[in-house]
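Undergrad: Before we start, here is the structure in question, set down as structure tokens.
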Amino acid sequence: MRKYRLPILILFAVLTILAAIGCIKLRDSFKFDFRQFFPQGDEDLANFLEFIEDFEGDDNYMLVAFERSEGVFDSTFLADVHDFSIAARGLPQVDAVQSLTQFAYPLKTPFGLTPIPAIPLDHPSRYEADRERILNDARFVYNLINEDATALVVALKTTALIQLEESRQLMSGLNELIANYDLPKYHYLGPAYFQVELVEMQIREITVSALVS
């Protein structure tokens, strides 16, 4: 066997290189489409997709929460959150955006309905009154702001049945946008985030187990 040592070592080296290349390409082999778990032509799946097309799904959202331990009613913080929510509309995977900085109450006047901002960004002197009014409004608390007024949520309506590659593009776009503002404490919640994180975790675990093996 001694005379075959070199060919055997070369063979194992080649196999190791091929395995490493396979690990690198592993990222592109993952899919995150629930339709793959149903047989082709499944009647229930067809009915569900038809329902989604008519009424939309309940998972086409992405929530981005921004924290400020001193309180969110700060002119610079509110301006950054507002600018982010406006900029997020330009992402291809985003259909609509809502946040407290964009919300306005309809006020009936002799000339018709006039929108009154829930938070007038250019009037810091009114923030305390705005804070009290907003925290007493059940539509906002636990939806767009927390009960302590230390976090604001920007709600993004995303593409229905978003796929993994779209999710990656969306998360990359959001990260690039947030980097443009002084918003260091933020959190994500939504299918796009779950897809990307879950697949990345699977890739890490498979890569580590393959290397150990």
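The values are calculated or read from the model by the stated rules, or taken from the named source; none is laboratory data. None of the values given here were measured: they were computed from a predicted structure. Using ideal geometry, Cβ is built from the backbone for each residue, glycine included, and neighbour counts are taken over all protein chains shown. The protein model used for the area step is the full one, side chains on, heavy atoms only, and it has no ligands, DNA or RNA in it. Shrake-Rupley method; radii C 1.70, N 1.55, O 1.52, S 1.80 Å.
Undergrad: Specify which of the listed residues (147, 176, 200, 165) is within 23 Å of residue 86 (Cβ to Cβ) and of a type in the set (Asp, Glu).
TA: Result: 176 is the single residue among 147, 176, 200, 165 that is within 23 Å of residue 86 (Cβ to Cβ) and of a type in the set (Asp, Glu).
Undergrad: Evaluate region 102-110: report whether one residue or more is exposed (fewer than 13 other Cβ atoms within 10 Å of the Cβ) and in contact (Cβ under 8 Å) with a residue 60 or more places away in the chain.
TA: Checking region 102-110: not a single residue is exposed (fewer than 13 other Cβ atoms within 10 Å of the Cβ) and in contact (Cβ under 8 Å) with a residue 60 or more places away in the chain.
Undergrad: Quick one: which of 156, 121, 107, 113 is within 25 Å of the chain's Cα centre (by Cα) and either among the aliphatic types (A, V, I, L, M) or closer than 20 Å to residue 67 by Cα (or both)?
TA: Answer to the selection: 156.
Undergrad: Can you find a residue in region 121-138 that is open to solvent by less than 90 Å² (accessible area, probe 1.4 Å) and in a strand (DSSP E or B)?
TA: Among the residues of region 121-138, not one is open to solvent by less than 90 Å² (accessible area, probe 1.4 Å) and in a strand (DSSP E or B), which makes the answer no.
Undergrad: Same structure, new question: How many residues are assigned to a helix (DSSP H, G or I), among the aliphatic types (A, V, I, L, M), at pLDDT below 95 and buried (at least 16 other Cβ atoms within 10 Å of the Cβ) if we restrict to region 145-202?
TA: Qualifying residue count for the region: 4.
Undergrad: From the list 26, 78, which one is at pLDDT below 95, open to solvent by less than 50 Å² (accessible area, probe 1.4 Å) and either assigned to a helix (DSSP H, G or I) or β-branched (Val, Ile, Thr) (or both)?
TA: 26
Undergrad: Answer yes or no as to whether residue 203 is touching a strand residue (DSSP E or B) at 6+ places or on another chain (Cβ under 8 Å), of a type outside the set (Phe, Trp, Tyr) and touching a residue at least 60 places away in the same chain (Cβ under 8 Å).
TA: Considered against the rule, which asks whether it is touching a strand residue (DSSP E or B) at 6+ places or on another chain (Cβ under 8 Å), of a type outside the set (Phe, Trp, Tyr) and touching a residue at least 60 places away in the same chain (Cβ under 8 Å), residue 203 comes out as no.
Undergrad: Go through 95, 83, 130 for me and flag whichever is over 25 Å from residue 70 (Cα atoms) and touching a residue at least 24 places away in the same chain (Cβ under 8 Å).
TA: When all the criteria are applied, what remains is 95.
Undergrad: Something else about it: Just to be sure before I move on: is residue 137 among the acidic types (Asp, Glu), modelled with pLDDT under 95 and within 19 Å of residue 68 (Cβ to Cβ) in the structure I sent?
TA: So residue 137 fails the test.
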